[in-house]
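The values are calculated or read from the model by the stated rules, or taken from the named source; none is laboratory data. These figures come from a predicted structure and were not determined experimentally. Cβ coordinates were reconstructed from backbone atoms using ideal geometry, including for glycine residues, and neighbour counts include every protein chain displayed. Each accessible area value is taken on the protein alone, full model and side chains, heavy atoms only, with ligands, DNA and RNA left out. Shrake-Rupley method; radii C 1.70, N 1.55, O 1.52, S 1.80 Å.
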Amino acid sequence: MSLEEIQTFQKMFRMIEQEVNQAVIGQGKIVHDLLLAAVAGGNVLLEGAPGLGKTRLAKTLAAALDVSYARIQFTPDLMPTDITGTMVAEQRNGEIRFRFQKGPLFHSIILADEINRASPKTQSALLEAMEEKTVTIGNETYVLPHVFFVLATQNPLEMEGTFPLPEAQLDRFMMKLKLTMPGMEALLHVLDMTTGQYEAPSTRKVLNAQQLQQMRQAAFSTPAAEEVRRYAVRLVMETHPEHSSSELVRKHVISGASLRGAQALLMGAKIQALAAGRYHVTRQDIANLAIPCLSHRLFLRYPGAARQVRVEDIIEQLVLKVE
Amino acid sequence: MPRDEYIDRALSRMRWKLWQNRMVQAMCVGAVASGIWILTIGGISLFIPLLYSGTKAWVGSAVLFGGSLLYSACRRPSLRDAAICGDALGMEDRLITYLEYRHCDSPMILLFIEETKKALSVVQPVAHWHMCLNKKWLTYAVILLLVGISAWFVPAPAREAASDREKIDKRIQAEREHVQKLRNDISAAAEIHNIQQMEKTLASLQGELAHSTSYQEAAKAVADAKKAIVQGNAQGSGPLASVAYAMLQGTDFPDTGMSRTEMMQWARSLTGNDQVPFPNGVQQKMLQNVEKIKKDLNSSPVPDALQSAYEQLQNHQMTPSDLEKLLDVQSQVGMPAPETEKIAGKLEQIQERLLALDATASEGKAGETPVSSLAFGNQSGLTNGEQVHTNGTEAIAAGGGGMQVRQSSNGTGGFGSAGQHKPATHPHNMVKGEEATRLAGTSSPSLLRGSLGKEGDIREREAVNVWAESGGSGPLGQAWATFQKNGMEYVNRQDIPLAREQVIEHYFAQLSGGKERVAGRDSNVSKNVSHD
């Protein structure tokens, strides 16, 4: 890793962020966090009402990164082989052979739209791909592209007939980002872009896969002091009711975040530090990523859920409490 | 190596400032602890005098304060502590990250160190560091110290009593050491008659002094010990050694362990003359005692001296001179040895010191010296008493009755701690008092000795010119009686220790006419002469 490569990290990050923000209006924080996950090689779960730009976000990101992109619409009848691929028989020279036909999973950026609509069997087909970047069909294991990134979406409003993601699968997402309605100005801009004569600029390819890899390597080498690492671990430990000093956690949380949560925190904080032009990680970087990285890893007891206790509120309290 | 001197220097300066701050905070904590300690000792000692000890309070507080300061001085903060402080002042975890990665050699670390230097020059945490005192602890410390110190000035009879007792214990302990020295001297002496009895008596005296709670009690113990030694020595010399004492039992004989000279003084005081027989009542009693002694001797031959005394008593012709002869005979068979006299003398010095200390303590309560008031003639009944007081040496009171009250001091004026008033009619005691009160090694002549002459008898030399002119004992006797009556009335009204009162009473009892006034001290006699 050379000095020039490290010094251009911020520049490259800003470029891609700018490019995506041109196409997705009013979701600057979401775009920033999404790029953090993308550079870190983590998967993201986008939650939001329909029409907020979840699909557009994924498509724009794929376009800006100059990597292959695939969209999978999850439906209740979707089978695992529909996403991983299947063996197909083909005849050649009078012989019938079976050939593996790769599924849509074999792309760099996967948009798993409405992932909670597919059956658990189909959802679990993604588990191996998301964690290990491989697909196993029969006795064969196929490696996915080096840059592999799953962007899953789900609608929090239509829960009837859906299959909520299991905890094991949720834990494999680096971040969970909640899209909210943008502001007035952003909406007006979107209207102008889509219904007026204003032509939205096309998304330029800013980075390629190799550059993304380099950025990832630079992020790995960012120094994080022991105090900062301990802070991340303390934060994760506080989410567990048996280790927590917080009354809210002990009362409402069944189980806390796993080690993946701490990994997500630290990795995201390193990329955030570099993106901000710093060459070290601070506790504030960790604190800023607490909600995106931990909110989908805490599970509330029924009484807490019934009282509409929010996981985000619990995490905010922990951030203020932990020193 | 990517270590940077600029950052290292900043961290060192930060560490030094942090160390100073910790020491100041430790001083606050130490001051609070000292205040609590002083307040505890001072407050509780108001009610429980056993806990009273000024030394303990101040030493304890000094130890607490110094200990906390020393503890903080020994706990030098680490560079990590300094880095944490610096990061809190705006460096955003840069310093702590620097400490961890300063030994790494990578492009990222190089960039990081450069960026940290820039941030350090902008933020300047060392310059913005301010000593932070815990105001709450400081306030507590000030309040506790003020209240604690004030508690020591609260008058408390219990504490004052404890303080007095502490002083008394110390002084009596000093006298115990004198007694121990005496014991050591006895052990080293070649021949001392009845040494075992003396050692036993002195050992017992040490024990009694250890348990004494007042000077009077200690002085009484010393007096008893002295009496036991003198009597024991005399008794150990054979039957005749105690004849004189046994003969005088039941008379007015004070029986305070007097030596031969004291006995003769007493005898002469009864008759006024060596050749004048004792009063009939006294002789009758002495005769009874001699008959008893003879009976006790059973079949043993009666010594000639005793028989002679018996015959004299039968004829009512026993005089002080005869008694002296009997004592001479007694000395041949064993009088108290010179060593015994020495030991008795030293014990008497100890007794006198203790009585003087008691008198000083009483003075503090009464507010004035009763005897000096007597000598000054401040009371209405003391028109004949007057004192000419010299500057801290000796004073002689000149009275119309020719009574002299002599006061010796150790140069401090009036009654010194080792000084004691002695009645003039006990020249032997007066000499000893002089020796007791004079500073060691002094060789200045004693007025008393000048007046004593060879015989050492003041009474003989202390003659009032007035009496000589008057030429008779009738007016003299009236003057003496009036003076004695007025004097004792005054004494009885004052808060004088019993032992001292007895001394004064005894003095009055010994007064007689025919005393000369000492030359040069009769400046006021002429006035009294005119009254007489």
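Computed quantities for the displayed model
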item: Global geometry of the stretch B:5-153, whether rounded, prolate or oblate, following the gyration tensor of its Cα atoms and the 1.5 cut on a/c; result: prolate
item: Shape call, chain A: gyration tensor on alpha carbons, a/c limit 1.5; result: rounded
item: Calculated FRET efficiency for the pair B:N184/B:L138, C-beta based, R₀ 56 Å, to 0.05; result: 0.45
item: B:E199 - accessible surface, heavy atoms, 1.4 Å probe, Å² rounded to 10; result: 60
item: Cα centroid separation, the stretch A:140-208 to the stretch A:286-305 (Å); result: 20
item: Probe 1.4 Å - accessible area at B:D274, Å² to nearest ten; result: 40
item: Amide H partners (placed H, <5 Å) of A:L179, local residues excluded; result: A:E47, A:G48
item: Accessible surface buried once A binds B (1.4 Å probe; total of both sides; Å²); result: 1500
item: Theoretical gain in end-to-end length, B:T55 to B:V276 [0.36 nm per residue, Cα-Cα removed]; result: 73.2 nm
item: Accessible heavy-atom area order of B:L323, B:L70, highest first, probe of 1.4 Å; result: B:L70, B:L323
item: Test item: B:106-115 mean partner chain Cβ contacts at 10 Å; result: 5
item: In nm, spacing of pseudo-spin labels at B:L110 and A:V233 (7 Å Cα→C-beta vector); result: 3.2
item: Under 5 Å, built H, 5+ apart or other chain: amide partners of A:V253; result: A:R301
item: Whether the stretch A:236-323 is rounded, prolate or oblate, judged on the alpha carbon gyration tensor where a/c under 1.5 counts as rounded; result: prolate
item: Probe 1.4 Å, all protein chains present, accessible-area order of A:I291, B:I109, largest first; result: A:I291, B:I109
item: Probe 1.4 Å - accessible area at B:S362, Å² to nearest ten; result: 20
